[in-house]
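The structure appears below as structure tokens.
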Amino acid sequence: MSRKVRKILSVALVLLLATSFSACGRSEVQSNNDEEKVEDKIQIGMCFDSFVIERWQRDRDVFVQAAKEMGAEVNVQNANGDVEEQKKQIDYFIKKGMDVIVIVCIDSDALADSVKDAKDAGIKVIAYDRLINNADIDLYISFDNEMVGTLMGQALVDNGIKGGNVIIVGGSPADNNVALVENAFTEVMNYNEVTILDTTHCDGWRAELASEYIYDHIDQVKECDAIMCGNDNLASEVVSALSVQRLAKKIMVTGQDADLEACQRIVEGTQIMTVYKPVEKLARRAAECALALAKGEELIGDDVGTIDNGKGEVPYVKLEPIKVTKENMDETIISSGFHMKEEVYLNVK
Ligand code: BGC
């Protein structure tokens, strides 16, 4: 039964109880009114890829809190990296008659049909952090992924890689962000005459594949000046494999997300940079947009543009990522409260 039909029935039930059972009815009528209040709230379904990577729990917590403060109810589902499971979860939200479905997709090319089903049922769809291709989504909200790649490249250039060699240990090839980051990174490398010795991808963002790659390609790894890692979780595995080979600190490593361990490695010197993406900002802005879409309002703001996802131009809210090095750790990560100083400098005397 759709939410609207349920709402009509619940109002009818309240009226019936109020007129026919007034003698016995005060508390009963009251409880049905309460039910109606809950039903009246905007209902948001949120589908996550998984919570393995540190940042996603923060995305979830901030989104849920912000949406609640704005008067909505949020139901969160976790697909644990399984595309078919994610499709089922979207289907479940469609059957529940959600007003909006917010999706962190596992595979950017796999959800066109699911989005169509949601849209046919009158539900708004937001692609959160990762673009969903060839689908009539109402919004794509993310950080500027090309800028993430550019910042990684620039950090290597600032550290003297010009004319050197690099290996890319990238994330899931099914994630649209991965190509955006790598293309922008490659542009900076080409401009600075850096040779990309090899590129590998970690399916499903599985970090163990990153260390396996290092062990299996150790001769090539020894020839490189830097390893561009798709995120900090991959960098964790790469740095520990490099440490075993006594190569940590000798080969520059990049990442993104500003995970606590990555920030620790940066101040300790085994990773040269990460990219800080203030996920609080992303999650809050997404909650704001979800409510606006549910109310049928137009999305407004300086950050609203469009992007072509293969189906046509779709609304795109783009936020700015920030490069983090040893030098600006305190002014970016510590002063924003993203991590605490004692935690970041835990192993540094
Ligand atoms: C996100 C990264 C994240 C990665 C793995 C990407 O789409 O942009 O922040 O580390 O997925 O979850």
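The values are calculated or read from the model by the stated rules, or taken from the named source; none is laboratory data. It should be emphasised that the depicted structure is a prediction, and the values quoted were computed from it without experimental measurement. Cβ sites come from the backbone with ideal geometry, for glycine too, and all protein chains shown count toward neighbours. The protein model used for the area step is the full one, side chains on, heavy atoms only, and it has no ligands, DNA or RNA in it. Shrake-Rupley method; radii C 1.70, N 1.55, O 1.52, S 1.80 Å.
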Projecting the Cα atoms of 233, 177, 125 onto the charge dipole of the chain, where Lys and Arg contribute +1 and Asp and Glu -1 at Cβ, the residue farthest towards the positive end is 125
Under 5 Å, built H, 5+ apart or other chain: amide partners of residue 102: 45, 46, 47, 126
Over the C-alpha atoms of segment 75-176, what are the Rg and the largest Cα-to-Cα span, Dmax, in Å? 17.4, 57
Nearest 500 deg cm²/dmol is fine: what mean residue ellipticity at 222 nm does the chain get from its DSSP H runs of n ≥ 4 alone, each adding -39,500 (n - 2.57), divided by its residue count? -14000 deg cm²/dmol
State to the nearest 20 debye the size of the charge dipole of segment 270-336 about its Cα centre, where the only charges are +1 on K and R beta carbons and -1 on D and E beta carbons. 240
Given a 1.4 Å probe and the protein chains all in place, what does the accessible area of residue 50 round to, in Å² to the nearest 10? 20
Below 8 Å, C-alpha to C-alpha, sequence gap of six or more: please give me the relative contact order for segment 71-195 in percent. 21
Mind pulling the per residue volume of the convex hull built on the Cα atoms of segment 113-224? Å³ is fine. 108
May I ask you to order 258-266, 325-333 by the average number of other C-beta atoms within 10 Å around their residues, highest value first? 258-266, 325-333
Using Cα pairs under 8 angstrom and six or more residues apart, how large is the relative contact order of the chain, in percent? 16
Cα-Cα pairs in segment 245-287 separated by more than 16 Å, as a whole percent of all pairs, come to 45
Which residue, 167, 152, 139, has the largest displacement toward the positive end of the dipole of segment 130-178 when charges sit on each Cβ (Lys, Arg +1; Asp, Glu -1)? 167
In degrees, nearest 10, the alpha-carbon axis of helix 176-191 is tilted away from the dominant principal axis of the alpha carbons of the chain by 30
In Å, the Kirkwood estimate of hydrodynamic radius for the chain over Cα pairs equals 21.9
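Stokes-Einstein D for segment 150-278 at 10 °C, 1.306 mPa s, Kirkwood Rh over Cα pairs, in µm²/s?
In µm²/s, the coefficient rounds to 113.
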Rounding to the nearest 20 debye, state how big the charge dipole of the chain is about its Cα centre with +1 on each Lys and Arg Cβ and -1 on each Asp and Glu Cβ. 840
How big is the antiparallel share of DSSP beta bridges in the chain, given as a percent to the nearest 5? 20
